[in-house]
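To start, the structure itself, in C-alpha cells.
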Amino acid sequence: MKSFHIDAPPLQNWSCHGCTFCCRELMTIEISDEEKRRIEGQGWTPSNGVDPATMFVAENGRFRLGHQSDGTCVFLDPAGKCRIHSRFGEAAKPRACRLYPLTLHPAGRNLVVGVRFSCPSAAANSGKALSAQIPALAELAKVVVPEGFAELPPPAILQEAGLDWPDFMRFVSLLDKTLATENQPVSLKLRRALHWLGAVEKAGFDKICGREADEIFGALAQNAAAELPAHGSMTAPPTKIGRLLFRTLVFTYARRDPIHHSKPKAAYRLRMLGAMIRFAKASGRVPNMIPGLKAVDFPAVEKFPKGILPSAEATLTRFFRVKIQSMHFCGRAFYGKPLIEGFHHLALLYPVIIWLARWQAAAEQRAGLSELDVERSISVVDHHHGYSPILASAWSRQRVRLLAHRDDISRLCAGYAS
C-alpha cells in the first residue's frame with residue numbers, strides 16, 4: 001500500500017467496552033471468499049460451540065456470518081465473547097468486525113476516520129481519543145483499505161465531479177466551521193449551512209476553486225449568519241407535505257428489522273405497512289418498533305415541551321461535526337451522493353433525532369429531554385445512516401429532494417429546535 005496520512009476527529013473518543021451490540025441481530029457481517037475459507041479452516045465443530053452448517057448464510061451471491069436462534073452472531077459465546085477472537089486472536093476475525101464502529105474514507109492521499117454512532121460507546125464519546133490511536137488505526141488501514149485508494153476522485157458538489165481534493169475539502173472545512181460555532185444551537189448552525197450551500201447551488205458555484213473559492217464561500221457563510229441571526233424572527237412552519245414526508249422518514253429510521261426478517265414474511269410486511277400508515281396519518285399511538293421503547297400517543301411526541309440540556313447540544317454538535325469531518329455523508333461513504341444532496345440527508349437527521357428523543361422521554365413520562373435520550377436516538381438513527389438499502393432507494397432520494405425544494409429541511413430543523 002502506498003504511504004498515507006490519517007486524520008482523526010480530535011473531539012471524538014472511542015474504546016470497545018464489550019457491550020456486544022455489534023454481535024447481535026441488528027448487524028449483518030459480510031465476508032469475502034478469503035475470509036470464508038480462513039474461518040472454515042479454523043476447525044469449528046459443535047463440540048467447540050459452532051456448527052459449521054450454521055456459520056454462513058448465502059445472500060445475493062455473497063456470504064455473511066450466520067446467527068443463532070436468539071439473533072446473536074453464531075460466534076458469540078454465552079459469556080458475550082467472540083469465539084474467533086478468544087481462540088485465534090483479534091487478527092483472525094473478519095475485517096468488518098475488526099473495523100466496527102470505525103470508518104475510514106479516502107481523501108486523496110489522506111484517510112479520514114469516523115465512527116458509527118450505532119455503537120453505544122461511540123454515541124457516549126466513551127474511551128480513548130481517536131486522535132491518540134493513530135498508530136493502531138494505521139495498522140488497521142493496511143488491512144481494510146484497498147490499494148489505489150489515493151487515485152479515487154472526490155465526490156461531486158452538485159451533479160458532476162470537477163474539483164480536486166484540496167478544493168473539495170474547502171467545502172468540508174467550511175461546513176465543519178459552521179457547525180463549530182460556539183454558543184449557538186445545533187439547529188441554527190445546520191440552517192446556516194443549508195443557507196450558504198443553497199446559495200452555492202443557485203449560483204452554480206460548485207466548481208469554483210482556489211483563493212476565489214475561499215473569498216466567495218466565506219462571504220456566503222457570513223451572509224447566512226446575518227440572514228439567520230441567533231435571535232431572529234419566527235421561521236415559517238414546515239409545509240403539510242413536508243410534515244408528511246418527514247414522518248415517513250422517521251418511520252424509516254425507527255424500524256429495526258432483525259436479521260431473520262431479511263426475507264420478511266407476509267405478516268411482518270403487513271405489520272410494517274400498518275406502522276407506516278400510522279406514521280403518515282400521525283394519529284393514534286406511535287407503533288412499538290424499537291425494543292424497550294413503549295408505544296405512546298402521537299400528540300405526546302409532537303407537542304412535547306421544548307428544551308434541551310447544554311450537554312445534549314454538545315453531543316449533537318459532536319455527532320454532526322464528526323460526520324462532516326469524516327465525510328460520512330456523501331460520496332462512497334453515502335450511496336455515492338454529491339456533497340450538497342448528502343448534507344440535506346445529514347441535516348434531516350436533526351429533527352429525526354429530536355423526534356425519537358421526545359418519544360423516549362414521553363414513553364417514560366418525563367417532562368424534558370436528557371443527554372441520554374439524545375445519545376440513544378443518535379445510536380438508533382446512525383444504525384441506518386449510509387447502510388440501509390431503503391435510504392439508498394430512488395424514493396428516498398426523491399423524498400429528500402422534495403423537502404429541500406420546499407425549504408422544509410430548514411423549517412423542520414427550526415420546528416424541532418430544542
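General remarks:
- Residue within region 54-62 that is basic (Lys, Arg), open to solvent by 40 Å² or more (accessible area, probe 1.4 Å) and within 26 Å of the chain's Cα centre (by Cα) present: yes
- Here is the figure for region 10-31: residues that are open to solvent by less than 30 Å² (accessible area, probe 1.4 Å) and at pLDDT below 95 total 4.
- Tabulated pairs, region 124-137, first closer than 15 Å to Cys16 by Cβ and of a type outside the set (Ser, Thr, Tyr), second open to solvent by 50 Å² or more (accessible area, probe 1.4 Å) and at pLDDT below 95, C-beta under 8 angstrom, 6+ apart or interchain: Gly127/Cys16; Gly127/His17; Ala129/Pro10; Leu130/Pro10
- For Ile308, the requirement of being over 21 Å from the mean Cα position of the chain (by Cα), farther than 26 Å from Leu188 by Cα and among the β-branched types (Val, Ile, Thr) is not met.
- Arg83 being at pLDDT 95 or above and in contact with a Gly (Cβ under 7 Å, 6 or more places away or on another chain): yes
- Counted as qualifying within region 42-156 are the strands (runs of 3 or more DSSP E) with 1 or more residues that are over 29 Å from Asp257 (Cβ atoms) and of a type in the set (S, T, N, Q), namely 110-115.
- When residues of region 168-206 are limited to those that are in contact with a Ser or Thr (Cβ under 9 Å, 6 or more places away or on another chain), open to solvent by less than 20 Å² (accessible area, probe 1.4 Å) and aliphatic (A, V, I, L, M), the one farthest from Ile378 (Cα to Cα): Ala193
- The listed residue being hydroxyl-bearing (Ser, Thr, Tyr) and surrounded by 21 or more Cβ atoms within 10 Å (Cβ to Cβ), out of Ser396, Ser377, Ser388: Ser377
- Matching residues, region 383-400, being closer than 26 Å to Arg358 by Cα and modelled with pLDDT of 95 or more: Arg399, Val400
- Single residue of Arg318, Arg278 found to be within 17 Å of the chain's Cα centre (by Cα), of a type in the set (Lys, Arg), in a helix (DSSP H, G or I) and on the phi < 0 side of the Ramachandran plot: Arg318
- The condition (being within 22 Å of Pro10 (Cα to Cα) and over 17 Å from the mean Cα position of the chain (by Cα)) is satisfied by just one residue among Gly127, Gly89: Gly127.
- Here is the figure for region 257-304: residues that are among the β-branched types (Val, Ile, Thr) and either at pLDDT below 85 or touching a Pro at 6+ places or on another chain (Cβ under 6 Å) (or both) total 2.
- Residues (open to solvent by less than 10 Å² (accessible area, probe 1.4 Å), closer than 18 Å to Ile378 by Cβ and either in contact with a strand residue (DSSP E or B) (Cβ under 7 Å, 6 or more places away or on another chain) or among the β-branched types (Val, Ile, Thr) (or both)) located in region 328-344: His328
- Region 140-157 - residue that is β-branched (Val, Ile, Thr) and either without any contact (Cβ under 8 Å) to a residue 40 or more places away in the chain or in contact with a helix residue (DSSP H, G or I) (Cβ under 7 Å, 6 or more places away or on another chain) (or both) and, of those, most open to solvent (accessible area, probe 1.4 Å): Val143
- All positions within region 180-238 that are more than 26 Å from Pro9 (Cβ to Cβ) and acidic (Asp, Glu): Glu201, Glu212, Glu215, Glu227
- The condition of being out of contact with any His (no Cβ under 9 Å at 6 or more places or on another chain), touching a residue at least 24 places away in the same chain (Cβ under 8 Å) and outside any loop (DSSP other than H, G, I, E, B) holds for only one of Leu197, Leu179, that being Leu179.
- Output for region 209-252, where each listed residue is modelled with pLDDT of 90 or more, outside any helix (DSSP H, G or I) and of a type in the set (Val, Ile, Thr): Thr239
The values are calculated or read from the model by the stated rules, or taken from the named source; none is laboratory data. The structure displayed is predicted, hence computed values, not measured ones. When we count neighbours, we look across all protein chains shown, and the Cβ atoms used for this are built from the backbone with ideal geometry, even at glycine. With ligands, DNA and RNA removed, areas are computed over all heavy atoms of the protein, side chains included. Shrake-Rupley method; radii C 1.70, N 1.55, O 1.52, S 1.80 Å.
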